[in-house]
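To start, the structure itself, in structure tokens.
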Amino acid sequence: MTDTHDMRREMPLGLAQRGYTGVIQHLAAKEAGSALSDIELESRLIELGFVEGARVEVLHEGLVGRDPIAVRVDNITIAVRRREAMAIIVA
Amino acid sequence: MELPLLHLALVGTPNSGKTSLFNALTGSRQKVANYPGVTVERKEGFFVTPLGRQVSIVDLPGTYSLRGRSPDEEITRDFVLGKASGEIVPDLVLCVADSTNLRLTIRLLLELKRTGRPLVLVLNMFDIANRRGISVDVDRLAKELGVPVVTSIAVRKGGTADLLKLTDEISAKLAAEPQPNNWRALSVSELRATQREADRIISDCVSLPARPDTLTARIDAIVLHPVGGLIVLALILFVMFQAVFAWAQPLMELLQSGFDALGEFVHATLPAGLLQSFLQNGVISGVGSVIVFLPQIIIIFLFILLLEDFGYMARAAFLMDRIMGGAGLHGRAFIPLLSSFACAIPGIMATRVIDNKRDRLTTILIAPLMTCSARIPVYTLIISAFIPATDVLGFINLQGLVMFGLYAAGITSALAVSFLIKFFMLRDYAPAPFMLELPDYKVPRLKSIAIGIFTRAKMFLQRAGTTIFSMMVLIWFLASFPQPPAGSTEPAIDFSLAAIIGKAIEPLLAPVGFNWQIAVALIPGMAAREVAVAALGTVYAIEGGKEAAEQIGQVLATKWSLATALSMLAWYIFAPQCASTLAVIRRETGSWGWMAATFTYMLVLAYAASLLTYNAAVALGAG
Ligand SMILES: Nc1nc2c(ncn2[C@@H]2O[C@H](COP(=O)(O)OP(=O)(O)OP(=O)(O)O)[C@@H](O)[C@H]2O)c(=O)[nH]1
Ligand SMILES: [Mg+2]
């Protein structure tokens, strides 16, 4: 981990506001409380490109509960619900 | 020596252009659109390479991995692994990538390598990559991956030339010895390691965009705005339903007067008798009354195709996810439900992209409540006969407004049914995650829109020529025979089988205000909804006798009360009047039980809604 990232507090992407940019630190599927099993959720997130080191930016939010969010992951845009995004720890 | 057929398979992440490639290579017209999850079936096609090798190519649903999480992804997995019994494993797998977005495809390719199948990486959409300033070191990529790499532009003429050439080269030296298949589902750590490996290869071989897609970002700023986006969505739907009514009118009138003239011509040239009656009342008044609605069908398809090609559908799903969640529906259900406005059958098929079984079942059960294009003739006929074409607030056409109201009623009842299903049957249900790639916008391609509309129009006319025509022959026969005894003074149709059948059912339908003519029309209307319009056309034309040149709408306006008309509209919001939809529900749920359940619940709702509407209307003096 580089110095600049140590300076920023780690937080789940599920709590990020619109406009947030950061880098994925690790995945914590257990904490997310998703309907999927930990393994399944983690696999799906990786399959969509949410791996350690990927840059993310929260581009858009929905109306109800600011959910779901549209996240830029490197150069694609993925819509996820905040519940599942809780498994993505960013800084 | 004749070489054996070469078997190719198209595999790749969703929306990477597999079907576009398939169409380009084989000259087919499979559905292409700009959102993930368009293809949900396996489709085989054939072509011949420049060197004359016969090739069979299979288009498959897009997938991010071979794990097969949803019914469509299972199709891809089973085909690639040769699991489907009696299947041939592909000789060569074409792994198709969107060149602007290689990360996920290269990870998929690394996973595919374990299957032991010979592979080619096809860097598709290379035109877009070039425009954005993405440069790919193709030779190095091929060396690092250990598979041949070729670029392609599926939607441009000659854009597949390199791929064809490579296919010839590879097929000449394909090893006879099949490689062992070492594939098994990747564990999380293997998956992660594979993605890391893919990212490393990409950083070595690809230099990333100097110019990101700012257009998509600018459009999304409006279209995905939490409030503004919903307003835009509502506006789009409103304009769509208004247009179906308002824009089509002149063309429909033209078609109508054409059929009228044809009817009069037949009436004038043929001697009075059975042949004249058959052509004029059965064919022209019956089938013709359905064909008149072609312009409306084209307009609704035009809207849906434009939205699909532009890339809006995935956005709409994003906007609606939580709102539909309140009614127990998954965000991914939005696209199947919106396509059900065209026809419930592709809509129900499209639910294959929903991985959660319950979400998928709920969506299938309510898809037929979306106002499909076959209801348009019924609605339009009744609306134009009974609702004045005045303007509301100066610019909204009242007839269009009623049409919009009927669509809204369909949507609302679908949400209500879904809510009840969730409430009563699936109480322990935890919401399945919603994860969807939002593709970059693309300018809709004129050619593919034109092909889409042409295909749909052809299907509609074919149906008019087959199902509707044969139903019409039946109705005409029932309404014409037996002929009245000589010297009888009552209308001839009162002696016919149709009248006998209709009057037998009438008591059942009298409480909802339907007369015997409607009762007769509803039976062949089981085959397809529009048939009811044609059947009414024929029955009233025969009943009207000589002066039958009148249009069916004008006849209805004199024969039905407003209450009956409104009751009929209410009936059609719900009625399960489509045999093909029921058959697809059976196939997709694999159960006669769910089919019967759909039929029953829709019939009950139809009857209840009509009963309510009719009695309310009568009470208000519209009887
Ligand atoms: N500019 C450009 N657009 C392309 C190319 N290939 C495909 N497209 C467009 O990309 C979109 C997706 O194409 P499809 O062929 O439906 O993609 P698919 O891989 O079959 O998608 P799924 O069936 O959902 O997995 C469509 O809007 C196509 O018109 C290409 O080479 N260049
Ligand atoms: Mg496809």
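Computed quantities for the displayed model
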| read-out | value |
| --- | --- |
| Globularity ratio of the stretch B:434-515, using Cα Rg and 2.2 N^0.38 Å | 2.03 |
| Cross-link pairs B:Lys18/B:Lys458; B:Lys18/B:Lys357; B:Lys503/B:Lys559; B:Lys43/B:Lys157; B:Lys18/B:Lys157; A:Lys30/B:Lys357 - those with Cα-Cα distance over 18 Å | B:Lys18/B:Lys458; B:Lys18/B:Lys357; B:Lys43/B:Lys157; A:Lys30/B:Lys357 |
| Rg(Cα) / (2.2 N^0.38 Å) computed for the protein assembly as shown, rounded to two decimals | 1.07 |
| Residue-by-residue Karplus 3J(HN,Hα) for the stretch B:252-269, coefficients 6.51, -1.76, 1.60, Hz, glycine and proline x | 5, 5, 4, 4, 4, 5, x, 5, 4, 4, 4, x, 5, 4, 4, 4, 7, 8 |
| Residue-averaged 222 nm ellipticity for the protein assembly as shown, from DSSP H runs of 4+ at -39500 (n - 2.57), nearest 500 | -16000 deg cm²/dmol |
| Given charges at Cβ of Lys, Arg, Asp, Glu: chain B dipole, positive-most of B:Ser448, B:Thr13, B:Gly273 | B:Thr13 |
| Mean separation of Cα contacts under 8 Å, 6 or more apart, over the residue count of the stretch B:6-212: relative contact order % | 22 percent |
| Per residue accessible area in Å² of the protein assembly as shown, where ligands, DNA and RNA are left out and the probe is 1.4 Å | 41 Å² |
| Relative packing of peptides A:15-23, B:342-350, B:463-471, B:269-277 - highest average C-beta neighbours within 10 Å first | B:342-350, B:463-471, A:15-23, B:269-277 |
| Spin-label model distance (nm) - B:Arg156 vs B:Glu490, 7 Å beyond Cα toward Cβ | 7.4 nm |
| Part-to-part distance (alpha-carbon centres) for the stretch B:370-402 and the stretch B:249-267, which is given in Å | 21 Å |
| Dipole of the protein assembly as shown, positive end: most advanced residue of B:Pro90, B:Leu415, B:Phe404 [Cβ charges, Cα centre] | B:Pro90 |
| Computed accessible area, B:Thr455, all protein chains, 1.4 angstrom probe, square angstrom | 50 Å² |
| Relative contact order (%) - criterion: Cα under 8 Å, at least six apart; region: chain B | 12 percent |
| Accessible surface buried once B binds A (1.4 Å probe; total of both sides; Å²) | 3500 Å² |
| Histogram of C-alpha separations across the stretch B:209-339, 10 Å bin width, % | 11, 27, 22, 16, 13, 8, 3, 0 |
| Listed residues B:Val38, B:Val96 arranged by accessible area, highest first, probe 1.4 Å | B:Val38, B:Val96 |
| Centre separation in Å (Cα based) which lies between the stretch B:486-501 and the stretch B:577-599 | 38 Å |
| The stretch B:396-451: Rg to Rh, with Rh as the Kirkwood radius over Cα pairs | 1.19 |
| Cross-link reach list, aspartates and glutamates versus B:Lys447, counting only Cα pairs under 20 Å and skipping chain neighbours closer than eight places | B:Asp127, B:Glu308, B:Asp309 |
| Solvent exposure ordering (accessible area, 1.4 Å, most first) of B:Ile518, B:Ile542 | B:Ile542, B:Ile518 |
| Å³ per residue enclosed by the Cα convex hull of the stretch B:298-388 | 118 Å³ |
| For the stretch B:474-619, alpha-carbon Rg relative to the globular expectation (2.2 N^0.38 Å, N residues) | 1.14 |
| Paramagnetic reach from B:Lys447 (point 7 Å along Cα→Cβ, amide N under 20 Å) across the stretch B:138-181 | B:151-165 |
| Share of carbon and sulfur in the accessible heavy-atom surface of chain B [1.4 Å probe, %] | 65 percent |
| Translational diffusion coefficient (Stokes-Einstein; Kirkwood radius from C-alpha pairs) of the stretch B:31-168 at 10 °C, 1.306 mPa s, in µm²/s | 100 µm²/s |
| Rounded, prolate or oblate (a/c below 1.5 giving rounded, otherwise prolate when a/b exceeds b/c) for the stretch B:336-415 by Cα gyration tensor | prolate |
| Sequence of B:Phe22, B:Phe259, B:Phe423 when ordered by accessible area, the most exposed leading, probe 1.4 angstrom | B:Phe423, B:Phe259, B:Phe22 |
| Solvent accessible area, Å² - B:Met425, 1.4 Å probe, full protein context | 100 Å² |
| With 10 Å bins from 0: P(r) over chain B, alpha-carbon pairs, percent | 3, 15, 23, 22, 17, 11, 7, 2, 0, 0 |
| For residues of B:472-483, the mean tally of beta carbons on other chains within 10 Å | 0 |
| Two-site FRET efficiency, B:Met526 against B:Ser207, from Cβ-Cβ distance with R₀ of 60 Å, rounded to 0.05 | 0.45 |
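The values are calculated or read from the model by the stated rules, or taken from the named source; none is laboratory data. These numbers were taken from a predicted model, which means no experiment stands behind them. As a convention, Cβ positions derive from the backbone with ideal geometry for all residues, glycine included, and neighbour counts pool all protein chains shown. Surface accessibility is based on the protein's heavy atoms, side chains included, excluding ligands, DNA and RNA. Shrake-Rupley method; radii C 1.70, N 1.55, O 1.52, S 1.80 Å.
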